[in-house]
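The values are calculated or read from the model by the stated rules, or taken from the named source; none is laboratory data. Predicted model only: the values in this text are computed from it and were never measured. Quick reminder, even Gly has a Cβ in these numbers, built from the backbone with ideal geometry, and neighbours come from all protein chains shown. Please note that ligands, DNA and RNA were not included when accessible areas were found on the heavy atoms of the full protein model with its side chains. Shrake-Rupley method; radii C 1.70, N 1.55, O 1.52, S 1.80 Å.
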Protein chains: 2
Amino acid sequence: MRTSVFVGVSLDGFLARKNDSYDFLAPHMGEDNGYDAFMADVDVVVLGRRTYEVVLTFPEWPYGDRLVVVLSTNLSELTPPEAANCELSRGPPRHVVEDLERRGFHHAYIDGGATIQSFLRDGLVHDITIGRFPVLIGDGLPLFGHLAKDVRLELRRVSSSPSGGVRSEYRVLAS
Amino acid sequence: MRTSVFVGVSLDGFLARKNDSYDFLAPHMGEDNGYDAFMADVDVVVLGRRTYEVVLTFPEWPYGDRLVVVLSTNLSELTPPEAANCELSRGPPRHVVEDLERRGFHHAYIDGGATIQSFLRDGLVHDITIGRFPVLIGDGLPLFGHLAKDVRLELRRVSSSPSGGVRSEYRVLAS
C-alpha cells in the first residue's frame, strides 16, 4: 500500500497556527493545487485526532465514503457525521499500515502534523507533496519534527501557482 | 540600501545541525546555485557572530575585500584573517542599516540564523532566496523564528537543480 502526504504550509513550515487556524492560506484557496487529482487515487485516509476535530468543523465532510482512520490514544469512541465512514485506531503507524494492507487498500493519505511525523519517523511515508505559501507566521503547528536519523528524498516535480505557492513533489528514499 | 538573504536549508528548514555542521548540503555543493551572481552585486556582508566563527574555519576567507560587519553583543574585538575587512557591531539591525546607508553601501547580504531573524522581525529584509534541499534532518539551527506579526512575501522565481534543490526567490512585502 502506498502512503502519501499532501499538505500546504507557510514558508516557515507551519500547517496551522497554534489555535489550529489556517487563515494564512486563504489567499491561495481556490487555486488548482492538484488536491482533487491526488484524492481521486486515494482509497483510505489516516488522520490525527487533532486534524479530525478540525475537519469536523467543516461545513461538509470532505472524504466522501472513503474509510477514515482516526489515530488517538485518548479517545474511546468517535461520533463522526452520519455520512462519514470512520474508525478509531490507537496505532502505532506500522500496525495501521499492516491492517489496511491486509484489508486490500492501495493508497493511504496520511494527514495531521503529529501523525505525519510519526509515520515519517517509522519510515512509512512513500510520497510527500508540499505546497509552500509566501507568508511567514512565526509560530504554529510544524509539518516536520524530530527524527532518529536523516530522511533523504528525491524531488519529482516543482511548480508554482499564480498566487506564489510553490508545490514540490518528493519521493522518500529508503534509508 | 537593499538587504538580501541567500541561504540553503534542509527540507525541514534548518541552516545547519546543532553542532553547526551542514554536511547534509554536501551532495548539492558544486552546483550553480546562483550564489556567485548574487555576490557579484553585494558590497557589504552582515554576519551573526556564530556564522562568522564558522566562516573562520573555511580554508579561504570567502568575502574578498568586501566590508564584513559581525554582529555580537558579547565579543569585544575581532581577530579576522589578514585579508579580511571586518568590523564589529552590537546592532541593533536598524542602526547597522542606517550606518551602512550613510556610508554609501548599496546592497547588504545578511547571513546567520539569529541575524536573519532579527532583521526580518525589524522589517529590514528586502529579498530572500532559499535553496531547499531534499533531506529532513529533524533538528538544528532554524532559518526562521518567532515574529511579532505575519510577514508576506511575493514569489519572484522558482527553479530546481539536478540534485533536487528547489530555489525560490522572494521579495518581502511591506507590512
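In whole Hz, what ³J(HN,Hα) sequence does segment B:54-62 give by Karplus (6.51, -1.76, 1.60; θ = phi - 60°), x for Gly and Pro?
With coefficients 6.51, -1.76 and 1.60, one gets 5, 5, 4, 7, 5, x, 9, 5, x Hz.
Across segment A:156-164, in residue order, what do the Karplus-derived ³J(HN,Hα) couplings come to in whole Hz, using 6.51 cos²θ - 1.76 cosθ + 1.60 with θ = phi - 60° and x for Gly and Pro?
In residue order, the calculated couplings are 9, 6, 10, 8, 10, 9, x, 7, x Hz.
Would you please give the residues with an amide H less than 5 Å from that of A:Phe6, counting only those at least 5 places away or on a separate chain, with H modeled from the backbone geometry?
Distant-sequence amide H within range of A:Phe6: A:Ile110, A:Thr129.
Where in segment A:10-26 does the label zone of A:Ser163 land, with the point 7 angstrom along Cα→C-beta and an amide N cut-off under 17 Å?
From segment A:10-26, the list is A:10-17, A:21-26.
Give, rounded to the nearest 20 debye, the magnitude of the charge dipole that segment A:38-175 has about its Cα centre when Lys and Arg contribute +1 at Cβ and Asp and Glu contribute -1 at Cβ. Spell out each step's value before the answer.
Details: 15 positive and 18 negative charges, 111 e Å.
Here segment A:38-175 has a charge dipole of around 540 debye.
On the Cα set of segment A:1-76, report Rg and Dmax in Å, please.
Final numbers for Rg and Dmax: 13.5, 38 Å.
For the pairing of chain A with chain B, what total accessible surface becomes buried, with a 1.4 angstrom probe, in square angstrom to the nearest 100?
Numbers: alone 9830 and 9860 Å², together 17080 Å².
Chains A and B together bury roughly 2600 Å² of accessible area.
Within segment B:137-163, whose backbone N sits under 17 Å from a point 7 Å along Cα→Cβ of B:Leu173?
Once the point is set 7 Å along Cα→Cβ of B:Leu173, B:149-157 turn out to lie under 17 Å by backbone N, inside segment B:137-163.
Would you mind calculating the relative contact order of chain A from Cα pairs under 8 angstrom and at least 6 residues apart, reporting the percent as a whole number?
Working: 321 pairs, mean separation 59.4, N = 175.
Relative contact order for chain A comes out at 34 percent.
Do any GluC sites (Glu not before Pro) in segment A:1-60 lie in a DSSP loop with no more than 16 other beta carbon atoms within 10 Å, and if so, which?
Working: sites: A:Glu31, A:Glu53, A:Glu60; in loops: A:Glu31, A:Glu60.
Sparse-neighbourhood loop GluC sites (Glu not before Pro): A:Glu31, A:Glu60.
Per-residue HN-Hα couplings for segment A:108-118, Karplus 6.51 cos²θ - 1.76 cosθ + 1.60 at θ = phi - 60°, whole Hz, x for Gly and Pro?
Once θ is set to phi - 60°, the couplings for segment A:108-118 become 9, 9, 9, 9, x, x, 5, 5, 4, 4, 6 Hz.
Using Cα centres only, tell me the gap between segment A:138-166 and segment A:52-87 in whole Å.
Answer, in whole Å: 26.
For segment A:51-175, take every pair of Cα atoms, bin their distances at 10 Å starting from 0, and report each bin as a whole percent.
All Cα pairs considered, the percentages come to 10, 35, 38, 16, 1.
Run a plain Debye calculation on the protein assembly as shown (Cα atoms as equal point scatterers, no solvent) and give log10 I(q)/I(0) at q = 0.14 Å⁻¹, rounded to two decimals, same order as the q list.
-1.14
Picking from A:Arg157, A:Arg132, A:Arg121, which is most flexible by a Gaussian network model of chain A using Cα springs under 10 Å?
Result for chain A, Cα springs under 10 Å: A:Arg157 fluctuates most.
Take the Cβ-Cβ distance between B:Asp99 and B:Phe38 as r, set R0 to 30 Å, and report the resulting FRET efficiency rounded to the nearest 0.05. Numbers along the way, then the final one.
Numbers: r = 23 Å, r/R0 = 0.76.
For R0 = 30 Å, the calculated efficiency reads 0.85.
Grab every C-alpha pair in segment A:53-94, bin the distances at 5 angstrom width from 0 up to the longest one, and report whole percents.
It works out to 5, 21, 32, 23, 14, 4, 0, in whole percents.
Pop a pseudo-label 7 angstrom from the Cα along the beta-carbon direction at both B:Thr73 and A:Thr57 and give the gap in nm to one decimal.
3.6
In straight Cα distance, which lysines are under 19 Å from B:Lys18, not counting same-chain residues fewer than 8 positions off?
In chain and number order, the partners are A:Lys149.
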